[in-house]
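Below you'll find the structure, written out as structure tokens, and then a few comments.
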Amino acid sequence: MKKIKITCDRTADLPDEYLIQNDIETIPLYIILDDKTYRDGIDITPDDIFSYAERTGKLPKTAAASVQNYFDIFSKYESYDAVIHISLGGNFSSSYQNAYLASQEFHNVHVINSDNLSTGTGHIVMEAVHLVEQGMEVKSIVRTLTELVPRVEASFVIDTLDYLKMGGRCSAITAFSANLLNIKPCIEVINGKMDVGKKYRGRFEKSIEKYVVDRLKDRNDIVPDRIFITHSGCSEDTIKRVHELINQHQKFEEIIITKASCTISSHCGPNTLGILFKRI
């Protein structure tokens, strides 16, 4: 059997146990707070970012791993038949570009642009693991993963627009109006970019219920192997309710609950939740 190494950006938000079990090496992005640099998920947590934002009214800066960072990782596996790296979407960060540039120095490195974020990327990583286990040829794995990219459906509901405002992604007036009217927007990843979908009105918990039903009810185009519930610090009750609603409307073999990384959390803020799955 060929020796194939899978690597990914840490923003794939996969559980540590899964990463360890499948020997997946992750490359962290960087969080910059008051001129100090931290590695996402290693030196800093989302709660640290939320505390900083509440204290200062500012968001930290984020930075992609450098070309050198990727080069150093890939160089460890020069003796392998192949390295397959799954990157955070190219429109969200320069991570993909940097990984691709580094890969050009190696004959055995293949970089996949997930065109997604969080466990939207995670789906591609888990598919890569599955295909390697099946013994598929490297070229076929790369082709299959590339074909899967546009079929991953990722969306989140945001409790407050304050973090999007701090990050310059929406105006102060829009954020104020949304908070005043208790609007909870759904953010969708479409063609590798974030866009605003349906806007829910009311309490976050009720908005989440409507969102899950809207996403899953009467759908016959969903791959039933797995779905992620990915969140940034939502209550156990909210997560439990989402779990129940998923089971009511679709039958997945696996429901995986994960917490969003610092990079994702810093853009969306606390109390954000999404369900992410694949279409047929």
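The table that follows gives values for the structure above.
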read-out: Every residue from the stretch 1-15 that is at pLDDT 95 or above and either in a loop (DSSP other than H, G, I, E, B) or of a type in the set (Phe, Trp, Tyr) (or both); value: Lys3, Asp13, Leu14, Pro15
read-out: Residues of the stretch 213-226 that turn out to be out of contact with any Asp or Glu (no Cβ under 9 Å at 6 or more places or on another chain) and surrounded by 17 or more Cβ atoms within 10 Å (Cβ to Cβ), as a count; value: 2
read-out: Restricting the stretch 220-267 to residues that are of a type in the set (S, T, N, Q) and part of a loop (DSSP other than H, G, I, E, B), the residue that is nearest to Lys206 (Cα to Cα); value: Ser235
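One line per residue, one yes/no per condition, for (1) part of a helix (DSSP H, G or I); (2) over 19 Å from Lys259 (Cα atoms):
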{"position": "Ala65", "(1), (2)": "no, yes"}
{"position": "Asn69", "(1), (2)": "yes, yes"}
{"position": "Tyr77", "(1), (2)": "no, yes"}
{"position": "His123", "(1), (2)": "yes, no"}
{"position": "Val129", "(1), (2)": "yes, yes"}
{"position": "Val132", "(1), (2)": "yes, yes"}
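Conditions tested, residue by residue: (1) more than 12 Å from Thr160 (Cβ to Cβ); (2) in a strand (DSSP E or B); (3) modelled with pLDDT of 95 or more.
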{"site": "Phe176", "(1), (2), (3)": "no, no, no"}
{"site": "Lys184", "(1), (2), (3)": "no, yes, no"}
{"site": "Glu188", "(1), (2), (3)": "yes, yes, no"}
{"site": "Met194", "(1), (2), (3)": "yes, yes, no"}
{"site": "Lys210", "(1), (2), (3)": "yes, no, yes"}
{"site": "Arg215", "(1), (2), (3)": "yes, no, yes"}
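To keep it simple, each residue is scored yes or no on (1) part of a loop (DSSP other than H, G, I, E, B); (2) outside the structural domain of Val125 (by TED's automatic domain parsing); (3) modelled with pLDDT under 95; (4) touching a Cys at 6+ places or on another chain (Cβ under 8 Å).
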{"position": "Ile20", "(1), (2), (3), (4)": "no, no, no, no"}
{"position": "Phe50", "(1), (2), (3), (4)": "no, no, yes, no"}
{"position": "Glu54", "(1), (2), (3), (4)": "no, no, yes, no"}
{"position": "Tyr80", "(1), (2), (3), (4)": "yes, no, no, no"}
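The values are calculated or read from the model by the stated rules, or taken from the named source; none is laboratory data. Just so you know, these numbers come straight off a predicted model, no measurement behind them. Positions of Cβ are generated from backbone atoms using ideal geometry, with glycine treated the same way; all protein chains shown enter the neighbour counts.
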